[in-house]
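For reference, the structure discussed in these notes is given below.
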Amino acid sequence: MSSQFPARYVQQSRRSLLLYLIASLLLSFPALVLAQDNVIRFVRNPDPAPQFHLPGLDGKPVTLADAHGKVVLLNFWATWCGPCRAEIPDLIELQTKYTNRLQIIGLTVDEDDAAAVKKVVEETGINYPVAMASSDLRMKYGGITALPTSFMLDAEGRVMQKHEGLRDPLLYEYEIRALLGMPINARVETFDDTGQIFLAHADRASELPGVDLSKLTPPQKLAALHRFNAETCTCGCKFTLAQCRIWDRNCAISKARTAKIVTELSGATSHKAPPAKSSPGA
């Protein structure tokens, strides 16, 4: 019995060591733990990110040009936004982990309250540049209708993905690693931007939020989409109907107007007089 104990002990120790090494590896490379059916998605033909030159809270200029050659996570947030505050520690950790190849930039939408922003930056220990985004810059990035909103840029400064709301920080890390050419156990798919990233591409969309096109024939559907992209919404957003449906799904004006257009087009055929029946003696 005594001679078997050391052998079992050694075997268990080796197993524990192996498990420890595997766990350490997975913790060091979290992207490797993805299941085979996990997917990350990037824009197929990405557009360059709108440039900006803003004064940072630390007095230094904040620009995209300075981050050229690095992957950029552009994070729009606000001090009064709970989910925004919740993700700050994760962003700090990502910036620390990929410090030489990633640049996170925080763009706060707080209105003229630099003191409050500075206080949060100091309290949380934010280790990436923060600047206050003007309304003009927010519009260039699609209006920023939800907070937080983050844009993932590749090393060439092109917008590869957009995320609204609080997301799992691992998703950001998977995308960062993929854009850096680092190994991930996931499939990378591409998609066409039909307004999800930039509203200017809403004219590429074949479907719109809250718009039922199922009763239209293919020609009618094309006619409807043309009208959605040609007519401006009267809600005050200054967008087309198509852009407004993507930008603000709760807009009652664009929803009612697009529904009316669909009704008009779907009824165009049904209102036509049916063909005359031939008489029995003809």
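Using a simple spin-label model with points 7 Å from Cα along the Cα→Cβ vector, what separation in nm is obtained for LEU180 and ALA86?
About 2.6 nm separates the two model spin labels.
Where does the charge balance sit around PRO48 when Lys and Arg score +1, Asp and Glu -1, over other residues with C-beta under 11 Å from its C-beta?
Overall, the nearby charge balance is -2.
Distance check, please: which entries in LYS70/LYS140; LYS118/LYS140; LYS118/LYS162; LYS97/LYS162; LYS221/LYS255 exceed 20 angstrom between their Cα atoms?
LYS70/LYS140; LYS118/LYS140; LYS118/LYS162; LYS97/LYS162
Run the numbers on segment 36-120 and let me know its relative contact order in percent, using alpha-carbon pairs under 8 Å that are six or more apart.
Contact order relative to length: 28 percent.
Assuming R0 = 35 Å, what is the FRET efficiency of ARG101 and ARG249, from their Cβ-Cβ distance, to the nearest 0.05? Don't jump to the answer; show the numbers that get you there.
Details: r = 36 Å, r/R0 = 1.03.
Rounded to the nearest 0.05, the efficiency is 0.45.
Give, as a single signed number, the net charge of other residues whose beta carbon lies under 11 Å from the beta carbon of LEU265, with Lys and Arg counted +1 and Asp and Glu -1.
Charge balance near LEU265 sits at +3.
Can you tell me the FRET efficiency between GLU123 and GLU264 if r is taken as the Cβ-Cβ distance and R0 is 41 Å, rounded to the nearest 0.05? Walk me through the numbers before you get to the answer.
Details: r = 56 Å, r/R0 = 1.36.
For GLU123 and GLU264, the calculated efficiency is 0.15.
Under a straight-distance cross-link criterion of Cα-Cα below 16 Å, which aspartates and glutamates are reachable from LYS238, leaving out those fewer than 8 residues away in the same chain?
Within the straight-line limit of under 16 Å, LYS238 reaches these aspartates and glutamates: ASP136, ASP203, ASP248.
Using a 7 Å offset from the Cα along the Cα-to-Cβ direction at both SER206 and LYS60, what is the distance between the two label points in nm, to one decimal?
Going by the 7 Å Cα→Cβ label model, 4.8 nm.
Over segment 40-191, what relative contact order in percent results from Cα pairs under 8 Å that are six or more residues apart?
Reported relative contact order: 36 percent.
How high is the FRET efficiency between LYS238 and GLU93 when r is their beta carbon distance and R₀ equals 41 Å, given to the nearest 0.05?
In this case the efficiency is close to 0.55.
Laboratory data are not the source of any read-out in this text; all were calculated from the coordinates shown. The structure presented is a predicted model; accordingly, all values stated were derived computationally and were not measured. Glycine also receives a Cβ, built like all others from the backbone with ideal geometry; neighbour counts cover every protein chain displayed.
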